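Worksheet for the structure shown next.
What follows draws every value from the coordinates through simple rules; no lab data is involved. This is a predicted model, so every value here is computed, not measured. Cβ placement follows ideal geometry from the backbone for every residue including glycine, while neighbour counts extend to all protein chains displayed.
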Amino acid sequence: MAIKLVAIDIDGTLINDQRQITPKTVAALKKATAAGVKVVLCTGRPMTGVTAYLKELGIADQDDEYVVSFNGGLAQSTSGNVIVNHSISFDDYADWENFCLKQGVHSQIETRDYIYTTNQDLSKYTIYESGLVDMPVRYRSMDEMARERDQYIVAKAMMVDEKDKIDTALAHLPQGLRDRFSIVRSEDFYLEFMHPSASKGQTLKTLSEQLGIKQDEVMALGNAQNDNSMIEFAGIGVAMGNSIPETLKIADVTVADNNHDGVAEAVDKYVFNVK
C-alpha cells in the first residue's frame, strides 16, 4: 500500500541537534509533498514553535496541509483551521497544580499564546521551553488564575524540573489524577499532562480518517515516549536511531539518527521505494 501521509516528530527526529532540518531532509520532504503525500508535523510544541519549520518545508499557511501540536491536544490546518481540540478543564488543572505544589516540583501550562507558571522562581526548564518554542512566559498566582479561569484554554500542563524530582512526583501521583490525564515523558526534565483523549496517535488517527487516508497508508517517525502512540498507530512505525529503548522496541523499522538524515532515509525507502 502506498504511503499517503508521513507524520513526523520535530525534536530529535525532524531536526538535528543544532535544531536545523538538514538539506537532504528538506529535499526529501518537498519531493514527498510534490508527489501529493501529506507531511504532518506531530509535536509537543505549540504552533509558535512549528511555524518556522513549516515555512522551510513549503507547507505553511495552507488549508490542505496539517499540524498536530501539544502532543495531540490540537490538530489544525497550517492556515489555522482547527480540526481536533482537546483542552484540560480548569478544575483538573487546579487539582494537578496543587499536587505539584505539595511535591515541590516546578510546573507550567501552555495555551496557544503563552506559557503560564505559578512559580515566581522560574524553572530553568521553563525558560528553556520558552526559547525553544518562541512563546513568552507569564507569571500568575493561582488566585489570579482562578479569578480569570474562563480565559485560560489549557492545551497541556507540564512538570518542568530535575529528573529525580519528576521521578519522585510521578511515583506519588495518585490514581485519581492519573485517570484524568494522558501523560507522556518527552524529556527527562519534562513530564507532560494532556486531556485523556489527547495523544499523537489518537489525533493522527482522527486526522487520517477525516482525510480519507487508511491506517496502512500512514508512516510515523519519532524518537521518544510521546511518539510511541503514533508509531504504534501507523502502518509503518519508524524509530530514529537516537530513539529511547522503548521506542526502538515498538517500531516496525529503525533508520539513521536525527543527525544523519534518518527522516530522508525513511521517505526514500518507504514512500519512494528507493533501495
Looking only at lysines whose Cα falls under 22 Å of K163's and that sit 8 or more positions away or on another chain, we get K102, K124
Value of relative contact order over the chain, rounded to a whole percent, pairs C-alpha under 8 Å and six or more apart: 21 percent
Label of the coordinate-derived value, Rg and Dmax of the Cα atoms in Å, listed as [x] 17.5, 51; [y] 18.2, 60; [z] 19.3, 57: [y]
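As an exercise, use a Förster radius of 45 Å and the Cβ-Cβ distance of I153 and I250 to find the FRET efficiency, rounded to the nearest 0.05.
0.90
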Rounded to whole Å, give me the distance from the Cα center of the range 1-31 to that of the range 231-270. 11 Å
Suppose a student asked you for the relative contact order of the range 90-194, using Cα pairs under 8 Å spaced at least 6 residues apart; what percent would you report? 29 percent
Can you list the lysines whose alpha carbon is less than 26 Å from that of K205, not counting same-chain residues fewer than 8 positions off? K4, K30, K31, K38, K55, K156, K214, K249, K269
Ignoring everything except DSSP H segments at least 4 long, calculate the 222 nm mean residue ellipticity for the chain; use -39,500 (n - 2.57) per segment, divide by total residues, nearest 500. -9500 deg cm²/dmol
What's the FRET efficiency of S77 with Q175 using the Cβ-Cβ distance as r and R₀ = 35 Å, to the nearest 0.05? 0.40
Rounded to whole Å, √(5λ) for the Cα gyration tensor eigenvalues of the range 90-194, largest first, gives 19, 17, 13
Can you compute the charge dipole magnitude of the range 90-194 about its Cα centre, using +1 on each Lys and Arg Cβ and -1 on each Asp and Glu Cβ, nothing else charged? Give it in debye, rounded to the nearest 20. 60 debye
Would you please give the FRET efficiency between N273 and Q215, computed as 1/(1 + (r/R0)^6) with r the Cβ-Cβ distance and R0 = 25 Å, to the nearest 0.05? 0.80
